[in-house]
Each structure stands twice: as C-alpha cells, then as structure tokens.
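Presented below is the structure to which this report refers.
The values are calculated or read from the model by the stated rules, or taken from the named source; none is laboratory data. Values in this document were obtained by computation on a predicted structure and should not be read as measured data. Neighbour counts run over all protein chains shown; Cβ positions are idealised from the backbone, glycine included. Heads up: the accessible areas ignore ligands, DNA and RNA and are worked out on the full protein's heavy atoms, side chains in. Shrake-Rupley method; radii C 1.70, N 1.55, O 1.52, S 1.80 Å.
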Amino acid sequence: MQKGFNSDITVRGQKYHVQTEDWGMQNPFLVSRIFCNGAVMKTIKIPHEQVLKSGSTHKEDAIRHALHRQHSTIIDTLMAGGMP
C-alpha cells in the first residue's frame, strides 16, 4: 500500500515541499505537512475514522484514495495562491 506522497512545487517564485503520509493503523491519521525553506509552515492531520465515514467496505482503498485526494487538494490550493 502507498504510504505517502512527496511533491516539490514553486508558486510565484516560492518553493514548497508537500509531504502527505498515512501513519498506519497503530496511529490512524493521514498527515500532510507543507514545508518552506526547510520549516514546517502547516500540518494537516485527518483521522482514519473521518475518511472511513463514507461507508466504504474496502478500508485500504478508502484510505489510499483519501491520502491522494488530501495531497492533491493541498497542492491545488497552494498553486491557486492560498494556504490550506
């Protein structure tokens, strides 16, 4: 299973690193961090239970899709000039 995503993007000359990872069932959270110049600018932490409320019977699929969606949404927001 995909454990996470890492992306480097540049917005208006500013470089960001976006890291999103699944902390697993022992610590059930999807966590994204936005870095700028090596410093954490923002952390977004979503519990698995929030992702699984959608009623999916395939937990791994639901978590994998949510992981990708969370990462993509953060990048889209940054590219549009916002901070999630």
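Just the protein heavy atoms count here, and of the accessible area of the chain at 1.4 Å, carbon and sulfur take up 49 percent. A protection proxy built from the mean count of other Cβ atoms within 10 Å ranks the segments 17-28, 61-72, most packed first, as 61-72, 17-28.
Ligands, DNA and RNA are left out, and with a 1.4 angstrom probe the accessible area of the chain is 63 Å² per residue.
A quarter of the convex hull surface defined by the alpha-carbon atoms of the chain gives 5.5 nm² as the mean projection. Phi angles across the stretch 35-46 convert, under the Karplus curve 6.51 cos²θ - 1.76 cosθ + 1.60 with θ = phi - 60°, into 3J(HN,Hα) values of 10, 9, 6, x, 9, 6, 8, 7, 10, 10, 10, 10 Hz, Gly and Pro given as x.
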